[in-house]
1. Taking neighbour counts of Cβ atoms within 10 Å as a proxy for exposure, in what order, fewest first, do ARG51, ARG114, ARG123, ARG87 appear?
2. Could you work out the relative contact order of the chain? I mean the mean sequence separation of Cα pairs under 8 Å and 6+ apart, divided by the number of residues, in percent.
3. Based on C-alpha coordinates, I'd like the Rg and Dmax of the chain, in Å.
4. Show me the chymotrypsin sites (Phe, Trp or Tyr not before Pro) within the stretch 1-82 that DSSP assigns to loop and that have at most 15 other Cβ atoms within 10 Å of their Cβ.
5. Tell me, ASP103, ASP60, ASP22 in order of fewest to most beta-carbon neighbours within 10 Å?
6. Please report, in debye to the nearest 20, how large the charge dipole of the chain is about its Cα centre when each Lys and Arg carries +1 at its beta carbon and each Asp and Glu carries -1 there.
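A short reminder: the numbers here are calculations on the coordinates, not readings from a lab. Every value quoted in this text rests on a predicted model; they were computed, and no experiment measured them. Here the Cβ positions follow ideal geometry from the backbone for every residue, glycine too, while neighbour counts run over all protein chains shown.
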Amino acid sequence: MTLSDPQVAALARQAVELLGPDIAITIEPASSHDPYGFGVTAWLVYPVIDRRPEFGLHVDSTMSPARALAQLLDGLGEHIGETERFRGRAFPPCPAGHEHPADVVLEDDAVLLRCPFGGGTSRIEPAA
Ligand SMILES: [Zn+2]
């Protein structure tokens, strides 16, 4: 099974919803590393924050939905604190409500957000 356009859109929506429901996303095709011609499709997901697409998050069709979601959450966590609106924001949110970001952990077909200090775990089922 490989990821498709609508799945990537749904997963991207799910990831940015954790930041804010008003955040739009733009998705563009990306060049993929496909040396053997297996038909790998890749996308760049741009969260549109303060009307600007700030940074592109790369996912490709070899990823499971959970893996793609985890990658989007990790990517948002890495870059979101650099934007004006979310400067200094810890993301994804710690399930215990602490001020540090949660660790993003893949577990089977789901993504876990885990407090790095044992404060608990929340489980996210991929939307696609
Ligand atoms: Zn915590």
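1. On the way: ARG51 6, ARG114 21, ARG123 12, ARG87 9.
Least crowded to most crowded, the residues run ARG51, ARG87, ARG123, ARG114.
2. Values: 242 pairs, mean separation 25.9, N = 128.
Computed over the chain, the figure is 20 percent.
3. 14.6, 45
4. TYR36, PHE38
5. Working: ASP103 15, ASP60 19, ASP22 9.
So the residues, fewest neighbours to most, are ASP22, ASP103, ASP60.
6. 220
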